[in-house]
Amino acid sequence: MHFRTLTSTVAALAATFAVLSGPTMAQEEFSAVYVMSDNLGDMGFNDNAATGFKRAEEEGVKTRLLQASPTDPQLWRQNLEAVSNSGDWDVIFTGPNMHDNLAAVAPQHPDQKYVFFDDQLDEPNVLSIKYAQNEGSYLAGALAAIAATDKEDFPLTDGEPKIAVVAGMDLPVIQDFILGFKQGAATIEPDIQIQVIFIGNFNDAQKAYDLTNTAIENGANVVYNVAGPAGLGILKAAADSDKYAIGVDSDQNGIHPDNVLASMLKQIGNSIYTSIGQIKDGTAEFGTLKTFGLEDDGVALVYNDALVPDSVKAKIDEAKAKVVDGEIEVDSAF
Amino acid sequence: MSIESLLASVLEQSTPLVLAALAAMITLRANILNVAVEGMMLVAAFSAIAVGALTDSAFIGFWAGLAGAIFASLVFSTMTLRFGAGFIVAGLGINLLAAGGTLFALERYYNSPGGLRPIAFPDIWHVPEGSLSFIPVIGPAIEGQSIIVFLTVLAVPACWVFLYRTPTGAYLRAAGEDEHAARSAGIDVVRMKALAVTISGLLAGLAGTQLAMDKLHFFLPDMTAGRGFIGLAATLFGAGQPWMTAGAAVLFGFFGALGDRLQAFDIPAQFVLMLPYVAAILALALARWRIHVRNKPSKL
């Protein structure tokens, strides 16, 4: 145990000083480093990514997460160049905000393998990973439609097939969420009424609150939050009017435990764990874009077990199976 | 869409705008174009939530919100009146400082740059549900509104009385109209301007506190979302008159609330979200045109 901690400390120092001290561990071990543009502790994207590295580490992969302040772009670039120059890492992971840095660094190190997640870069040594938010939203739509029409299992609804999605801005990625949500709801209840409402930005929580109230006044029983930070206002409004909501991005079920049915998450950790395995086996296709969807648990609906009974989960699993089998193709905005 | 809910929403959406507009108005009368209202509101929202959660008291949180904004206004007046910085430059500086400072505090002390959301937060006083239902239409709209909404309704006549019926208000206006004349009449111009900025901080503090404490009970970076600037536009439209200014702010609030309701129909969201801003541009153009017509020399 002591030896492990000691080596970690040494390795941390080594990474900081551009790994000038050379390899500190046996080289037959597979190694992965994540150059971050943010810190851990956000209870969302970054912490989710960290879980993937942790799982890989438990299986003997040497991992290192290089945190950096989100306001210090210089440091992101320095970290990326340092680990690229060292040549000690089998694969270098990097993510959001790093497009320009990676585009500059990756071509200079053609033998170094890179994984770029939640974004895309067409270089022969870069594997890009994106997430099929439309497929996850498809399940959210199915759950919303069931919850709106099933008065017995979901006592806060009035049984009318009316739901809403409150979104931040009318952007392609947001439309991808909305299209999946609409399609998922329509498979359960073909005549469902779906209000699509835009806040106009991602931080005006008061406007999100008011818009959600309006949607609920117009009869919506379930509201899907696709509004980033302002989404907290959506969840609060649903809780204040005693209706249901579905969260997004991180597990928001605990925020209003009596009202948030589930959260739709990008399982960044899962995708990282899976791709480390594939790179180890040599099956990963560098130079391509891989989209993680329902099939490989890249997106998932995390239920609030106190509100969603098993019979409903079974119905949604059926819908999921159809998407995974390829029987249903979920609409996409891309 | 029911008329009660529209009315309630207009009240709710107008309140921070009216307060922001009055905050900008009181400084405009002292000849200061106050672009720092936005930043003062943000500081108020943050301190209200941070202190309210710490003490578990809505009362202390409310006063902390006001104190935060007044502190920001003191920084503003020190920079401009003591050290001679330009009002626009210093105002923009306050806005940047408020946005960056609150984000820094979130990251440094709460370790959550995404926002500050206390698990439990004390409720500020609201009109109890059902207490006014005997009054048709207006009763249900007033139910559930916070105490700050009523303070706002009182703030408009209070500003009018202060500006037009008290000696200090007259001095303040004189200092704004013609600085040199006011000085030769023995008015302490710098003190009057400092007073205007402080009152502005108090009003902006009410606006920010309302935003954070009324319904949301959390703080998000940049949650004021331009309301301070809409308030400034309302002041310019109202030509610095309390009633006109408040009226313009309510007009913007009305278009915002109406827009929210129109989204339920099949109107493109971009158009609906544009409404308050189109209203602001039209209102400003109208105000200029009115002045233009009034000042035109009559025909011979």
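Values as computed for the structure displayed
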quantity: Compactness relative to 2.2 N^0.38 Å, alpha carbon Rg of the protein assembly as shown; calculated: 1.09
quantity: Gyration tensor verdict on the range B:3-295 (Cα atoms; rounded if a/c is under 1.5, prolate if a/b is larger than b/c, oblate otherwise); calculated: oblate
quantity: Chain B: most fluctuating residue of B:LEU81, B:LEU103, B:LEU220 per GNM, C-alpha cutoff 10 Å; calculated: B:LEU81
quantity: Amide hydrogen neighbours beyond the local backbone of A:GLN195, cut-off 5 Å, H modeled; calculated: A:ILE163, A:ALA164, A:VAL165
quantity: Under Karplus coefficients 6.51, -1.76 and 1.60, residue-wise ³J(HN,Hα) of the range B:284-289 in Hz, glycine/proline x; calculated: 5, 4, 4, 4, 4, 4
quantity: Positive minus negative residues near A:LYS113 (Lys, Arg vs Asp, Glu; Cβ under 12 Å); calculated: -3
quantity: Of all DSSP beta bridges in the protein assembly as shown, antiparallel share, percent nearest 5; calculated: 15
quantity: Shape call, the range A:30-131: gyration tensor on alpha carbons, a/c limit 1.5; calculated: rounded
quantity: Sites matching chymotrypsin sites (Phe, Trp or Tyr not before Pro) across the range B:205-300 that sit in DSSP coil, with at most 11 neighbouring C-beta atoms within 10 Å; calculated: B:PHE265
quantity: Cα gyration tensor category, rounded, prolate or oblate, for the range A:125-241 with a/c compared to 1.5; calculated: oblate
quantity: Set of lysines with alpha-carbon distance to A:LYS315 below 20 Å, sequence-local pairs under 8 removed; calculated: A:LYS151, A:LYS162, A:LYS182
quantity: Estimated FRET transfer efficiency (B:LEU74, B:SER133; beta-carbon r; R0 35 Å; 0.05); calculated: 0.20
quantity: At R0 = 60 Å, FRET efficiency that the Cβ-Cβ distance of B:LEU92 and A:LYS54 yields, to 0.05; calculated: 0.85
quantity: Placed amide H near A:PHE93: partners under 5 Å, 5+ positions off or other chain; calculated: A:VAL33, A:TYR34, A:VAL35, A:VAL115
quantity: Amide H contacts of A:THR63 (H built 1.01 Å from N, under 5 Å, at least 5 apart or other chain); calculated: A:ALA32
quantity: A:ASP158 versus A:ASP281: modelled label distance in nm, points set 7 Å from Cα along the beta carbon direction; calculated: 5.2
quantity: Mean projected area in nm² (Cα convex hull; one quarter of hull surface) for the range B:209-300; calculated: 8.4
quantity: Sum of -39500 (n - 2.57) over DSSP H runs of 4+, divided by residues of chain B (222 nm, nearest 500); calculated: -23500 deg cm²/dmol
quantity: Ranking of B:SER2, B:SER200, A:SER263 by count of other Cβ atoms within 10 Å, fewest first; calculated: B:SER2, A:SER263, B:SER200
quantity: For chain A, built as a Gaussian network whose Cα springs stay under 10 Å, the top-fluctuating residue of A:ALA145, A:ALA103, A:ALA237; calculated: A:ALA103
quantity: Normalised contact order of the range A:30-131, rounded percent, pairs of Cα under 8 Å and 6 or more residues apart; calculated: 26
quantity: In sequence order, calculated HN-Hα J values of the range B:88-99 (Karplus, 6.51, -1.76, 1.60; Hz; x Gly/Pro); calculated: 5, 4, 5, x, 4, x, 4, 4, 5, 4, 5, 5
quantity: Net dipole in debye of the range B:86-217 [+1 Lys, Arg Cβ; -1 Asp, Glu Cβ; about Cα centre; nearest 20]; calculated: 260
quantity: Sum of -39500 (n - 2.57) over DSSP H runs of 4+, divided by residues of chain A (222 nm, nearest 500); calculated: -13000 deg cm²/dmol
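Throughout, read-outs are computed from the coordinates displayed, never taken from laboratory work. Everything quoted here is computed from the prediction, not taken from an experiment. Don't worry about glycine lacking a Cβ; one is built from the backbone with ideal geometry, like all the others, and counts go over all protein chains shown.
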